[in-house]
């Protein structure tokens, strides 16, 4: 029987699971992330875009205050190597991860993530975190706000909201109906 670690309520287990799918499918590279093999770090490759570096074990974000690190296990943040409040860490990385999610929606469509979540038998820690991930996407200054930004201040919005009950804005964890 598989052993699972109980995680505090967080959107990050789902986000990292989806980022793993993005890495395997080549989506991170398509977006412009540079892939490198880490020396001395077990596991997957590093993916870097700007000041953000992703790895299966967590992420690193360069900030004016120093490097913000997120360690998936034990679900903690460090700033400049010192403990950093988890809630503040999540908020500091959120814009960078939402920017990626906006790119995914614009590239693959607004239902892509829901289709991915429905296509796999999610491990319990991921499945239990899906509602937190949905709320995190759509909270204040969330994905919809980012997608509704008008490039150059002119023209039409670059995103058409999902129909009621469909897509990420629906805030639900059950899979989409097959069409």
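Here are a few things to note about the model shown:
- Some residue of the range 94-103 being more than 18 Å from residue 50 (Cβ to Cβ) and out of contact with any helix residue (DSSP H, G or I) (no Cβ under 8 Å at 6 or more places or on another chain): no
- Failed criterion for residue 124 (all others in (1) over 15 Å from residue 21 (Cα atoms); (2) touching a residue at least 24 places away in the same chain (Cβ under 8 Å); (3) within 16 Å of the chain's Cα centre (by Cα) hold): (3)
- For the range 30-57, filtered to residues that are touching a helix residue (DSSP H, G or I) at 6+ places or on another chain (Cβ under 8 Å) and outside any loop (DSSP other than H, G, I, E, B), the residue that is surrounded by the fewest Cβ atoms within 10 Å (Cβ to Cβ) is 30.
- Failed condition for residue 80, given (1) closer than 14 Å to residue 18 by Cα; (2) touching a residue at least 12 places away in the same chain (Cβ under 8 Å): (1)
- Selection count where residues are farther than 19 Å from residue 72 by Cα and part of a helix (DSSP H, G or I), scope the range 8-27: 2
- Checking each residue in the range 76-112 for being outside any helix (DSSP H, G or I), in contact with a strand residue (DSSP E or B) (Cβ under 8 Å, 6 or more places away or on another chain) and surrounded by 15 or more Cβ atoms within 10 Å (Cβ to Cβ) picks out 76, 77, 78, 79, 84.
- Of the criteria (1) modelled with pLDDT of 95 or more; (2) in contact with a helix residue (DSSP H, G or I) (Cβ under 8 Å, 6 or more places away or on another chain), which one residue 89 fails: (2)
- Within the range 127-146, the set of residues being over 12 Å from the mean Cα position of the chain (by Cα), modelled with pLDDT of 90 or more, farther than 18 Å from residue 87 by Cβ and assigned to a helix (DSSP H, G or I) comprises 127 only.
The values are calculated or read from the model by the stated rules, or taken from the named source; none is laboratory data. All figures in this text were calculated on a predicted structure; none of them were measured in a lab. Because the Cβ atoms are built from the backbone with ideal geometry, glycine has one as well, and the counts that use them run over all protein chains shown.
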